[in-house]
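These notes are about the structure you will find just below.
The values are calculated or read from the model by the stated rules, or taken from the named source; none is laboratory data. What you are looking at is a predicted structure, and each value in this text was computed from that prediction instead of being measured. Methodologically, a virtual Cβ is constructed for each residue, glycine included, from the backbone with ideal geometry; neighbour enumeration extends over all protein chains shown. SASA here: full protein model, heavy atoms, side chains in, ligands and nucleic acids out. Shrake-Rupley method; radii C 1.70, N 1.55, O 1.52, S 1.80 Å.
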Amino acid sequence: MADPDIASLRAGAAERARARATEPFDGEVHDDAIGAVPVRWYRPRPLDRPDSGVVFLHGGYGILGDLDLQDGYCRRIAGRLRVTVLSVGYRLAPEATLADSGADAVAGAAALRAAGIGRVLLWGDSAGGAVALAAARRAPVAGLALTNPNVDLSLSRYDDAAPGGPGRELSEGAFLRWSDVVNLADAPDLAADAHGLPPVFVAVGSEDSLLPDAHHLAERCASAGVPVELRIVPGASHAFMTAGDRDAADRVIDEAGRLLLPARG
């Protein structure tokens, strides 16, 4: 297992994010901070669901990514569902652990509630899905929307034969640090006990190496009596929410909204 060059990976991700065209958005976008953690607010016009909001948690293996990485994804959630979105630039490994990342998500949920938003969803993509699961029992949230989520960080269910997943070698090196364990086999399975989770919506591509993770989470939720919906997107790879079929990604956003949010007022 090679040590990832984290500085280079972060720089490359930031450069790619800056090179993307800005997603059109009718509303207000502004940067803020919760303590030392950067956050970005997205408030659409009109705001059809003023009592509902989303804490968004970006992907990036738990070692890279920032508020720009999936800025377009956040704009689409806010614009399509007409809710406030708060993107949290949670702390990363190796400087921090998954527990720290989860604490930052909890702080984001508290910030939405302090702004008068009573119904809060945690929405995580890829590694952000792991952050949402880690935070879900520590914050009073109404639901989880997870796209291509990392669930079992030991990678025991990772499908090496799938053509469209995230890299195994990078995942191994990253999750070892993020989980703060000596052996990857000791990294947490965040679906091992699904009791106490709020309703869960999961979407994953059929070609993603993390498809078994999604099945595992759905099965554990069902066994624990947690309402769960699993949506498998035919032909889609790991990054389909930001780099795949735009229509398929928008359908996922709409479906998550229908299942987890009240009807528009």
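Given the chain, what percent of its DSSP beta bridges are antiparallel, to the nearest 5? Approximately 35 percent, going by the DSSP bridge assignments. For the stretch 7-84, list log₁₀ I(q)/I(0) at each q in 0.11 Å⁻¹, using the Debye formula over Cα point scatterers of equal strength and ignoring solvent, two decimals each. Values, matching the q order: -0.31. Note that the chain presents 40 Å² accessible area per residue, ligands and nucleic acids not counted, probe 1.4 Å.
Would you work out if the stretch 1-145 is rounded, prolate or oblate? Take a ≥ b ≥ c from the square roots of the eigenvalues of the alpha-carbon gyration tensor; rounded if a/c is under 1.5, else prolate when a/b is larger than b/c, oblate otherwise. If you can, show how the numbers build up before the last one.
On the way: a/c = 2.12, a/b = 1.31, b/c = 1.62.
Oblate shape, in that a/c is at least 1.5 and b/c is the bigger or equal ratio.
With the full set of protein chains in place, find how many percent of the accessible area of the chain is carbon and sulfur; take the probe as 1.4 Å. Don't jump to the answer; show the numbers that get you there.
Values: 5240 of 10490 Å².
Whole-percent figure for carbon plus sulfur exposure: 50.
Need one number: convex hull volume per residue for the stretch 147-195, Cα atoms only, in Å³. Could the numbers behind the result be given before it?
Numbers: hull volume 4.4 nm³, N = 49.
Normalising the Cα hull of the stretch 147-195 by residue number yields 91 Å³.
Based on Cα contacts under 8 Å between residues 6+ apart, the stretch 170-238 shows a relative contact order of 34 percent. Here's the picture: a label point sits 7 Å out from the Cα of A263 along the beta-carbon direction, and within the stretch 109-152 the residues with their amide nitrogen under 20 Å of it are 119.
Per residue Cα convex hull volume for the chain, in cubic angstrom?
Working: hull volume 30.4 nm³, N = 265.
Expressed per residue, the convex hull around the Cα atoms of the chain is 115 Å³.
A simple spin-label model places pseudo-atoms 7 Å from Cα toward Cβ; at A99 and D250 they are separated by 4.4 nm. Residue by residue, the stretch 235-240 carries 3J(HN,Hα) couplings of x, 8, 9, 4, 9, 5 Hz when phi is fed to the Karplus relation 6.51 cos²θ - 1.76 cosθ + 1.60 (θ = phi - 60°); x denotes Gly or Pro.
Its residues counted as N, the stretch 82-219 yields a C-alpha radius of gyration over 2.2 N^0.38 Å of 1.02.
Average projected area of the Cα convex hull of the stretch 184-261, in nm²? Mind dumping the intermediate values first?
Details: hull surface 23.1 nm².
About 5.8 nm², averaged over all directions.
Taking amide H positions as modeled 1.01 Å from N, with prolines and chain starts lacking one, the residues under 5 Å from I34 and 5 or more places away or on another chain are V39. Coupling constants for the stretch 149-160 follow from the phi torsions by the Karplus curve (6.51 cos²θ - 1.76 cosθ + 1.60, θ = phi - 60°), and in residue order they are x, 6, 10, 9, 6, 6, 6, 5, 10, 4, 9, 5 Hz; glycine and proline get x. DSSP assigns beta bridges within the stretch 120-265; of those with both partners inside it, close to 5 percent run antiparallel.
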